[in-house]
Amino acid sequence: MALEKLSVVVPCYNEEETIRLFLTESQLVESKMKQGVIFDYIFVNDGSTDKTLEVLRQVSKEFDNVHYLSFSRNFGKEAALLAGLEAADGDFVTVMDVDLQDPPEMLLDMYQKIKEGYDVVGTRRSDRKGEPALRSIFSKLFYKMINSVSDTELLDGTRDFRLMTRQVVANILRLNEVNRFSKGIFSWVGFNVTYLPYENRQRIAGRTTWTFWSLVRYSIDGFVNFSEAPLNLATWAGICSFFLSLFGILFVVIRKITFGGSISGWASLVTIILFIGGLQLLALGIIGKYLAKIFLETKKRPIYIIKEKSQ
Ligand code: UDP
Ligand code: MG
(Lines give C-alpha, C1' and ligand atoms only; values in the text may rest on other atoms or scores of the structure.)
(Ligands and ions follow the chains in the order given, each with its own letter.)
Protein backbone atom coordinates (compact mmCIF):
# COMPACT_ATOMS: atom_id res chain seq x y z
CA MET A 1 0.00 0.00 0.00
CA ALA A 2 1.27 3.44 -0.88
CA LEU A 3 2.24 5.65 2.03
CA GLU A 4 0.41 8.93 2.49
CA LYS A 5 2.24 11.87 3.99
CA LEU A 6 0.52 14.33 6.28
CA SER A 7 2.46 17.57 6.78
CA VAL A 8 1.81 19.27 10.12
CA VAL A 9 2.64 22.98 10.02
CA VAL A 10 3.11 24.54 13.46
CA PRO A 11 3.90 28.26 14.01
CA CYS A 12 5.72 28.92 17.29
CA TYR A 13 6.38 32.19 19.05
CA ASN A 14 7.92 31.89 22.50
CA GLU A 15 6.65 28.36 23.00
CA GLU A 16 9.58 26.62 24.76
CA GLU A 17 7.19 25.03 27.28
CA THR A 18 4.59 23.74 24.84
CA ILE A 19 6.54 22.20 21.92
CA ARG A 20 7.35 18.90 23.64
CA LEU A 21 3.84 18.58 25.09
CA PHE A 22 2.43 19.15 21.62
CA LEU A 23 4.71 16.56 20.03
CA THR A 24 3.87 13.88 22.60
CA GLU A 25 0.16 14.47 22.12
CA SER A 26 0.24 14.40 18.32
CA GLN A 27 2.56 11.39 18.20
CA LEU A 28 -0.12 9.58 20.18
CA VAL A 29 -2.63 10.54 17.49
CA GLU A 30 -0.19 9.43 14.81
CA SER A 31 -0.08 5.95 16.35
CA LYS A 32 -3.89 5.78 16.28
CA MET A 33 -4.02 6.89 12.67
CA LYS A 34 -4.81 4.49 9.90
CA GLN A 35 -1.84 2.38 8.76
CA GLY A 36 0.01 3.94 5.90
CA VAL A 37 -0.32 7.58 6.99
CA ILE A 38 2.95 9.13 8.10
CA PHE A 39 3.28 12.51 9.84
CA ASP A 40 5.89 15.09 8.90
CA TYR A 41 6.25 18.08 11.22
CA ILE A 42 7.31 21.55 10.13
CA PHE A 43 7.75 23.89 13.08
CA VAL A 44 8.24 27.55 12.23
CA ASN A 45 10.07 29.55 14.86
CA ASP A 46 8.70 33.06 14.41
CA GLY A 47 11.60 34.97 15.97
CA SER A 48 11.06 33.73 19.52
CA THR A 49 13.05 35.37 22.28
CA ASP A 50 12.99 32.35 24.60
CA LYS A 51 14.53 28.87 24.11
CA THR A 52 12.07 27.81 21.38
CA LEU A 53 14.84 27.44 18.78
CA GLU A 54 17.00 25.29 21.07
CA VAL A 55 14.03 23.01 21.79
CA LEU A 56 13.32 22.73 18.06
CA ARG A 57 16.97 21.88 17.30
CA GLN A 58 16.81 19.10 19.89
CA VAL A 59 13.51 17.55 18.78
CA SER A 60 14.51 17.62 15.13
CA LYS A 61 17.62 15.60 16.10
CA GLU A 62 15.52 13.16 18.11
CA PHE A 63 12.87 12.51 15.47
CA ASP A 64 13.49 12.07 11.76
CA ASN A 65 10.09 13.44 10.82
CA VAL A 66 10.48 16.72 12.74
CA HIS A 67 11.82 19.70 10.78
CA TYR A 68 12.01 23.37 11.57
CA LEU A 69 12.45 26.78 9.96
CA SER A 70 13.60 29.74 12.00
CA PHE A 71 12.92 33.38 11.09
CA SER A 72 15.41 36.20 11.47
CA ARG A 73 12.85 38.07 13.62
CA ASN A 74 9.16 37.97 14.57
CA PHE A 75 7.14 38.25 11.34
CA GLY A 76 3.74 37.27 12.80
CA LYS A 77 1.65 34.13 12.65
CA GLU A 78 0.43 34.78 9.09
CA ALA A 79 4.01 34.82 7.79
CA ALA A 80 4.86 31.70 9.79
CA LEU A 81 1.85 29.89 8.33
CA LEU A 82 2.90 30.85 4.81
CA ALA A 83 6.49 29.68 5.32
CA GLY A 84 5.20 26.38 6.70
CA LEU A 85 2.76 25.84 3.85
CA GLU A 86 5.49 26.58 1.31
CA ALA A 87 7.80 24.05 2.94
CA ALA A 88 5.13 21.36 3.35
CA ASP A 89 5.17 18.65 0.70
CA GLY A 90 2.66 16.14 2.09
CA ASP A 91 -0.37 14.73 0.27
CA PHE A 92 -2.36 16.47 3.02
CA VAL A 93 -1.42 19.48 5.07
CA THR A 94 -2.71 20.62 8.44
CA VAL A 95 -1.93 23.84 10.29
CA MET A 96 -2.05 23.74 14.09
CA ASP A 97 -1.30 25.93 17.07
CA VAL A 98 1.35 24.50 19.34
CA ASP A 99 -0.53 25.35 22.57
CA LEU A 100 -2.92 22.37 22.15
CA GLN A 101 -5.91 24.70 21.77
CA ASP A 102 -6.33 22.84 18.49
CA PRO A 103 -6.90 19.26 19.72
CA PRO A 104 -4.64 16.89 17.69
CA GLU A 105 -7.03 13.94 18.21
CA MET A 106 -9.48 15.71 15.90
CA LEU A 107 -7.11 14.85 13.05
CA LEU A 108 -8.53 11.32 13.09
CA ASP A 109 -12.05 12.53 12.26
CA MET A 110 -10.73 15.19 9.91
CA TYR A 111 -8.78 12.61 7.91
CA GLN A 112 -11.92 10.48 7.75
CA LYS A 113 -13.84 13.42 6.25
CA ILE A 114 -11.12 14.00 3.64
CA LYS A 115 -11.45 10.37 2.66
CA GLU A 116 -15.20 10.95 2.25
CA GLY A 117 -14.34 13.42 -0.47
CA TYR A 118 -13.97 16.83 1.15
CA ASP A 119 -11.04 19.00 0.09
CA VAL A 120 -10.87 20.99 3.30
CA VAL A 121 -11.91 20.03 6.82
CA GLY A 122 -11.90 23.03 9.12
CA THR A 123 -12.69 23.32 12.80
CA ARG A 124 -15.10 25.58 14.63
CA ARG A 125 -15.32 26.37 18.28
CA SER A 126 -18.88 25.68 19.34
CA ASP A 127 -18.52 28.02 22.33
CA ARG A 128 -16.22 30.71 23.64
CA LYS A 129 -15.78 29.36 27.16
CA GLY A 130 -12.99 30.95 29.14
CA GLU A 131 -12.81 34.01 26.91
CA PRO A 132 -13.39 37.51 28.30
CA ALA A 133 -17.04 38.55 27.75
CA LEU A 134 -16.14 41.82 26.06
CA ARG A 135 -13.94 39.98 23.56
CA SER A 136 -16.77 37.57 22.67
CA ILE A 137 -19.19 40.44 22.07
CA PHE A 138 -16.77 42.26 19.78
CA SER A 139 -15.87 39.07 17.90
CA LYS A 140 -19.52 38.32 17.22
CA LEU A 141 -20.05 41.90 16.05
CA PHE A 142 -17.01 41.65 13.75
CA TYR A 143 -18.30 38.49 12.05
CA LYS A 144 -21.80 39.97 11.63
CA MET A 145 -20.43 43.13 10.04
CA ILE A 146 -17.81 41.61 7.77
CA ASN A 147 -20.23 38.99 6.44
CA SER A 148 -22.76 41.63 5.51
CA VAL A 149 -20.22 43.59 3.46
CA SER A 150 -17.71 41.05 2.13
CA ASP A 151 -18.22 38.48 -0.63
CA THR A 152 -15.90 36.08 1.15
CA GLU A 153 -17.79 34.27 3.87
CA LEU A 154 -16.16 34.15 7.30
CA LEU A 155 -17.82 31.80 9.77
CA ASP A 156 -17.84 32.80 13.43
CA GLY A 157 -15.60 30.66 15.60
CA THR A 158 -13.55 29.08 12.80
CA ARG A 159 -9.95 28.42 13.69
CA ASP A 160 -6.92 28.31 11.44
CA PHE A 161 -6.71 24.60 12.39
CA ARG A 162 -7.66 22.67 9.24
CA LEU A 163 -6.71 19.72 7.10
CA MET A 164 -6.31 20.38 3.39
CA THR A 165 -5.42 18.43 0.29
CA ARG A 166 -2.28 19.20 -1.71
CA GLN A 167 -4.42 20.86 -4.40
CA VAL A 168 -5.97 23.34 -1.94
CA VAL A 169 -2.57 24.27 -0.51
CA ALA A 170 -1.15 24.79 -3.98
CA ASN A 171 -3.96 27.25 -4.69
CA ILE A 172 -3.59 29.06 -1.37
CA LEU A 173 0.06 29.61 -2.28
CA ARG A 174 -0.99 31.23 -5.56
CA LEU A 175 -2.34 34.18 -3.57
CA ASN A 176 0.83 36.16 -3.21
CA GLU A 177 -0.44 39.20 -1.35
CA VAL A 178 1.83 40.66 1.31
CA ASN A 179 -1.03 41.58 3.65
CA ARG A 180 -2.16 38.10 4.48
CA PHE A 181 -5.44 37.65 6.34
CA SER A 182 -5.46 33.84 6.49
CA LYS A 183 -9.06 33.44 7.63
CA GLY A 184 -10.15 35.23 4.46
CA ILE A 185 -7.63 33.57 2.15
CA PHE A 186 -8.59 30.06 3.32
CA SER A 187 -12.24 30.82 2.62
CA TRP A 188 -11.61 32.68 -0.65
CA VAL A 189 -10.07 29.69 -2.47
CA GLY A 190 -13.33 27.75 -2.17
CA PHE A 191 -13.41 23.95 -2.68
CA ASN A 192 -15.56 21.46 -0.77
CA VAL A 193 -15.35 22.54 2.84
CA THR A 194 -16.83 21.07 5.98
CA TYR A 195 -16.40 22.10 9.60
CA LEU A 196 -16.12 19.98 12.71
CA PRO A 197 -17.22 21.65 15.96
CA TYR A 198 -15.39 21.34 19.26
CA GLU A 199 -15.44 22.91 22.70
CA ASN A 200 -13.09 25.77 23.37
CA ARG A 201 -9.90 24.87 25.26
CA GLN A 202 -7.42 26.78 27.31
CA ARG A 203 -3.75 26.97 26.39
CA ILE A 204 -1.75 24.25 28.20
CA ALA A 205 1.20 26.51 29.04
CA GLY A 206 2.78 29.82 28.06
CA ARG A 207 0.54 32.75 27.24
CA THR A 208 -1.30 34.28 24.31
CA THR A 209 0.27 37.22 22.51
CA TRP A 210 -3.10 38.68 21.55
CA THR A 211 -4.29 41.75 23.41
CA PHE A 212 -7.67 43.41 23.00
CA TRP A 213 -6.17 46.13 20.80
CA SER A 214 -4.21 43.72 18.62
CA LEU A 215 -7.51 41.94 17.94
CA VAL A 216 -9.13 45.26 17.01
CA ARG A 217 -6.28 45.93 14.55
CA TYR A 218 -6.63 42.39 13.19
CA SER A 219 -10.37 42.99 12.57
CA ILE A 220 -9.68 46.25 10.72
CA ASP A 221 -7.18 44.33 8.56
CA GLY A 222 -9.92 41.83 7.82
CA PHE A 223 -12.18 44.60 6.57
CA VAL A 224 -9.58 46.40 4.50
CA ASN A 225 -8.24 43.19 2.92
CA PHE A 226 -11.55 41.55 2.14
CA SER A 227 -14.04 44.30 1.38
CA GLU A 228 -14.37 47.71 -0.19
CA ALA A 229 -17.25 48.59 2.11
CA PRO A 230 -15.37 51.25 4.12
CA LEU A 231 -14.51 53.06 0.88
CA ASN A 232 -18.16 52.94 -0.23
CA LEU A 233 -19.19 54.20 3.19
CA ALA A 234 -16.96 57.24 2.75
CA THR A 235 -18.38 57.89 -0.71
CA TRP A 236 -21.98 57.62 0.47
CA ALA A 237 -21.35 59.85 3.47
CA GLY A 238 -19.91 62.41 1.05
CA ILE A 239 -22.89 62.20 -1.31
CA CYS A 240 -25.40 62.55 1.55
CA SER A 241 -23.72 65.57 3.09
CA PHE A 242 -23.46 67.19 -0.36
CA PHE A 243 -27.23 66.94 -0.92
CA LEU A 244 -27.95 68.03 2.64
CA SER A 245 -25.83 71.14 2.10
CA LEU A 246 -27.73 71.92 -1.15
CA PHE A 247 -30.95 72.02 0.90
CA GLY A 248 -29.16 74.16 3.46
CA ILE A 249 -28.09 76.69 0.84
CA LEU A 250 -31.60 76.83 -0.61
CA PHE A 251 -32.99 77.41 2.89
CA VAL A 252 -30.54 80.25 3.61
CA VAL A 253 -31.20 81.98 0.27
CA ILE A 254 -34.99 81.81 0.68
CA ARG A 255 -34.77 83.05 4.25
CA LYS A 256 -32.54 85.98 3.16
CA ILE A 257 -35.06 86.97 0.47
CA THR A 258 -38.14 86.71 2.68
CA PHE A 259 -36.85 87.89 6.07
CA GLY A 260 -33.79 89.98 5.22
CA GLY A 261 -30.28 89.65 6.75
CA SER A 262 -29.52 88.18 10.13
CA ILE A 263 -26.29 87.48 12.00
CA SER A 264 -27.67 84.88 14.35
CA GLY A 265 -26.91 81.20 13.78
CA TRP A 266 -23.10 81.23 13.79
CA ALA A 267 -23.07 78.49 16.45
CA SER A 268 -24.97 76.09 14.23
CA LEU A 269 -22.67 77.09 11.36
CA VAL A 270 -19.59 76.13 13.35
CA THR A 271 -21.18 72.81 14.25
CA ILE A 272 -21.89 72.08 10.60
CA ILE A 273 -18.35 72.99 9.56
CA LEU A 274 -16.97 70.70 12.26
CA PHE A 275 -19.28 67.92 11.14
CA ILE A 276 -18.30 68.20 7.47
CA GLY A 277 -14.63 68.54 8.39
CA GLY A 278 -14.87 65.40 10.50
CA LEU A 279 -16.47 63.46 7.67
CA GLN A 280 -13.71 64.55 5.31
CA LEU A 281 -11.00 63.45 7.71
CA LEU A 282 -12.74 60.11 8.21
CA ALA A 283 -12.93 59.56 4.47
CA LEU A 284 -9.28 60.55 4.05
CA GLY A 285 -8.34 58.17 6.84
CA ILE A 286 -10.14 55.29 5.14
CA ILE A 287 -8.54 56.06 1.80
CA GLY A 288 -5.18 56.31 3.55
CA LYS A 289 -5.66 52.87 5.05
CA TYR A 290 -6.16 51.31 1.62
CA LEU A 291 -3.34 53.37 0.15
CA ALA A 292 -0.98 52.11 2.86
CA LYS A 293 -1.91 48.54 1.96
CA ILE A 294 -1.26 49.23 -1.74
CA PHE A 295 2.07 50.82 -0.81
CA LEU A 296 3.09 47.69 1.09
CA GLU A 297 1.99 45.44 -1.77
CA THR A 298 3.93 47.41 -4.41
CA LYS A 299 7.15 47.20 -2.41
CA LYS A 300 6.99 43.43 -2.86
CA ARG A 301 9.09 42.82 0.22
CA PRO A 302 9.61 39.20 1.21
CA ILE A 303 6.97 38.12 3.74
CA TYR A 304 9.54 36.38 5.95
CA ILE A 305 13.27 35.78 6.17
CA ILE A 306 14.62 32.38 7.16
CA LYS A 307 17.82 32.46 9.18
CA GLU A 308 18.20 28.77 9.92
CA LYS A 309 16.55 25.50 9.05
CA SER A 310 16.89 21.83 9.80
CA GLN A 311 18.28 19.40 7.22
N1 UDP B 1 2.28 32.72 16.90
C2 UDP B 1 3.27 32.99 15.95
N3 UDP B 1 3.70 34.28 15.78
C4 UDP B 1 3.20 35.32 16.53
C5 UDP B 1 2.17 35.03 17.46
C6 UDP B 1 1.74 33.73 17.61
O7 UDP B 1 3.75 32.09 15.26
O8 UDP B 1 3.64 36.45 16.33
C9 UDP B 1 1.81 31.32 17.08
C10 UDP B 1 1.80 30.80 18.51
O11 UDP B 1 3.05 30.25 18.88
C12 UDP B 1 0.71 29.76 18.49
C13 UDP B 1 -0.27 30.32 17.47
O14 UDP B 1 0.45 31.26 16.68
O15 UDP B 1 1.17 28.49 18.04
C16 UDP B 1 -1.48 30.98 18.13
O17 UDP B 1 -1.05 31.96 19.04
P18 UDP B 1 -1.81 32.27 20.39
O19 UDP B 1 -2.03 31.01 21.16
O20 UDP B 1 -1.03 33.37 21.05
O21 UDP B 1 -3.19 32.83 19.85
P22 UDP B 1 -4.66 32.46 20.35
O23 UDP B 1 -4.73 30.97 20.49
O24 UDP B 1 -4.81 33.16 21.65
O25 UDP B 1 -5.55 32.99 19.27
MG1 MG C 1 -3.62 29.78 21.52
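What net charge do the residues around residue 128 carry, taking every other residue with its C-beta under 13 Å from that of residue 128, with Lys and Arg at +1 and Asp and Glu at -1? It would help to have the intermediate numbers written out before the result.
Details: positive: 124, 125, 129, 135, 140, 159, 201; negative: 127, 131, 156, 199.
Result for the neighbourhood of residue 128: +3.
With all pairs of different C-alpha atoms in the average, the Kirkwood value for the hydrodynamic radius of region 168-306 is 20.3 Å. By a 1.4 Å probe calculation restricted to protein chains, residue 281 has an accessible surface near 120 Å², given to the nearest 10.
Ordered by 1.4 Å accessible area with all protein chains kept, 247, 191, 142 run largest first as 247, 191, 142.
The eigenvalues of the Cα gyration tensor, multiplied by 5 and square-rooted, give the chain an equivalent ellipsoid with semi-axes of 50, 20, 18 Å from largest to smallest.
Please work out how much accessible surface residue 53 shows to a 1.4 Å probe, ignoring ligands, DNA and RNA, in Å² rounded to 10. Surface accessible to solvent at residue 53 totals approximately 30 Å². Helices in the chain that qualify as membrane-span-like (whole DSSP H runs, Cα extent of at least 27 Å along the helix axis, mean Kyte-Doolittle hydropathy of -0.5 or higher) are 229-259, 266-299. Once you have a ≥ b ≥ c as the square roots of the Cα gyration tensor eigenvalues for region 11-136, tell me rounded if a/c is under 1.5, and otherwise prolate or oblate according to whether a/b is larger than b/c. Judged from the Cα gyration tensor, region 11-136 comes out oblate (a/c at least 1.5, b/c at or above a/b).
Label region 70-139 by shape, choosing from rounded, prolate and oblate, from the square roots a ≥ b ≥ c of the eigenvalues of the Cα gyration tensor; if a/c is under 1.5 it is rounded, and otherwise prolate applies when a/b is larger than b/c, oblate when it is not.
Details: a/c = 2.37, a/b = 1.11, b/c = 2.14.
It is oblate, given that a/c is not under 1.5 and a/b is not larger than b/c.
For the chain, the longest piece that avoids every one of the GluC sites (Glu not before Pro) found in DSSP loops with at most 15 other C-beta atoms within 10 Å covers 1-104. Here is the link list: 51/299; 51/309; 140/293; 32/113. Which ones come out longer than 23 Å on Cα distance? The answer is 51/299; 140/293. Take every pair of alpha-carbon atoms less than 8 Å apart whose residues are at least six positions apart; their mean separation over the length of the chain yields a relative contact order of 22 percent. Just the number, please: Stokes-Einstein D of region 97-234 in µm²/s, Kirkwood Rh from C-alpha pairs, 25 °C, 0.890 mPa s. Rounded to a whole number, D works out at 150 µm²/s.
With loop defined by DSSP as not H, G, I, E or B, and exposure as at most 12 other Cβ atoms within 10 Å, which is the longest segment of the chain clear of exposed trypsin sites (Lys or Arg not before Pro)? Don't jump to the answer; show the numbers that get you there.
Numbers: sites that count: 34, 73, 129, 174, 207, 300.
The longest uninterrupted stretch comes out as 208-299.
Among the chymotrypsin sites (Phe, Trp or Tyr not before Pro) in region 1-108, those located in a DSSP loop and surrounded by at most 14 other Cβ atoms within 10 Å of their own Cβ are 63.
Divide, for region 234-288, the radius of gyration over alpha carbons by 2.2 N^0.38 Å, where N is the residue count. It would help to have the intermediate numbers written out before the result.
Working: Rg = 13.9 Å, N = 55, 2.2 N^0.38 = 10.1 Å.
Ratio of Cα Rg to 2.2 N^0.38 Å: 1.38.
So what is the 222 nm mean residue ellipticity for the chain from helices alone, if each DSSP H run of at least 4 adds -39500 (n - 2.57) and you divide by all residues, rounding to the nearest 500 deg cm²/dmol?
Working: 10 runs with 157 residues, N = 311.
Result for the chain, helices only: -16500 deg cm²/dmol.
The values are calculated or read from the model by the stated rules, or taken from the named source; none is laboratory data. Bear in mind the structure is a predicted one, so any value in this text is a computation, not a measurement. Backbone-built Cβ (ideal geometry, glycine too); neighbour counts: all protein chains shown. Accessible surface is based on the protein model in full, side chains and every heavy atom, while ligands, DNA and RNA are left aside. Shrake-Rupley method; radii C 1.70, N 1.55, O 1.52, S 1.80 Å.
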